[in-house]
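Trainee: Input: one structure, supplied below.
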Amino acid sequence: MTEIQKRLSSGLEDYIEAIYVSSMNGEELKGADLARILKISRASVSEALTKLTAKGLIKYNRYENITLTPQGEKEAKEVYAKHHILKDFFEFVLEISPKEAGENACKIEHIVSKNILNKMSGLTEFYKLHKKFLKAYVRECKSIMKK
């Protein structure tokens, strides 16, 4: 976790992640757009954007598009990566629906330790590679238990 992330609330992490996703999709983003995406008031967005600007993570002017600074992009990529590691784990290993996996990943990404995240990522990749074997093993175990 970087020094800036230690100072970022989970709400501010959600803002930079939303800004990052919009920029990845080639979408121009203003404060009103961000309020709509995050389903929060424009006043809350304005306050958060002021904080992110003060931390040097975004460039923001009330009448211009919001853009990430190089440091902001770095922080946003880390939050985005955490979200997707968790979502993949929930979907592929625990077989949770994509909607529920995404909702829970969004909640947990702010508190999960790097150690746990790394282990979840490793297990997810292992599971993706060996899914057929693992499912066959589980079927065989169930078959044996029925006998």
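The values are calculated or read from the model by the stated rules, or taken from the named source; none is laboratory data. All values derive from a computational prediction rather than experimental measurement. Because the Cβ atoms are built from the backbone with ideal geometry, glycine has one as well, and the counts that use them run over all protein chains shown. The area values use the complete protein model at the heavy-atom level, side chains included, leaving out ligands, DNA and RNA. Shrake-Rupley method; radii C 1.70, N 1.55, O 1.52, S 1.80 Å.
Trainee: Checking Lys87 against (1) at pLDDT below 95; (2) of a type outside the set (A, V, I, L, M); (3) surrounded by 16 or more Cβ atoms within 10 Å (Cβ to Cβ): exactly one of these is not met. Which one?
Mentor: With (1) at pLDDT below 95; (2) of a type outside the set (A, V, I, L, M); (3) surrounded by 16 or more Cβ atoms within 10 Å (Cβ to Cβ) applied to Lys87, the lone miss is (1).
Trainee: What residue, among those in segment 88-115 that are assigned to a helix (DSSP H, G or I) and within 19 Å of Ile19 (Cβ to Cβ), is farthest from the chain's Cα centre (by Cα)?
Mentor: If we filter segment 88-115 for residues that are assigned to a helix (DSSP H, G or I), which is where we start, we get 88-93, 98-108, 114-115.
Now narrow it down to the ones that are within 19 Å of Ile19 (Cβ to Cβ): 102, 105-106.
On the way: Gly102: 8, Ala105: 7, Cys106: 6 Å.
Residue satisfying both the conditions and the ranking: Gly102.
Trainee: Can you name the residue in segment 115-147 that is of a type in the set (Lys, Arg) and at pLDDT below 95 and, of all such residues, is farthest from Leu8 (Cα to Cα)?
Mentor: For segment 115-147, the residue satisfying everything is Lys147.
Trainee: In addition: Please name all residue pairs, on different chains or six or more residues apart, with Cβ atoms under 9 Å, provided the first residue is in segment 9-31 and is touching a residue at least 24 places away in the same chain (Cβ under 8 Å) and part of a loop (DSSP other than H, G, I, E, B) and the second residue is among the acidic types (Asp, Glu) and surrounded by fewer than 15 Cβ atoms within 10 Å (Cβ to Cβ).
Mentor: Lys30/Glu64
Trainee: Restricting attention to segment 30-78, which residues are open to solvent by less than 50 Å² (accessible area, probe 1.4 Å) and β-branched (Val, Ile, Thr)?
Mentor: Val45, Ile58, Ile66, Thr69 - these are the residues of segment 30-78 that are open to solvent by less than 50 Å² (accessible area, probe 1.4 Å) and β-branched (Val, Ile, Thr).
Trainee: When you go through Val93, Val112 one by one, which is the residue that is touching a Ser or Thr at 6+ places or on another chain (Cβ under 8 Å), modelled with pLDDT of 85 or more and not polar (S, T, N, Q)?
Mentor: Matching residue, one of Val93, Val112: Val93.
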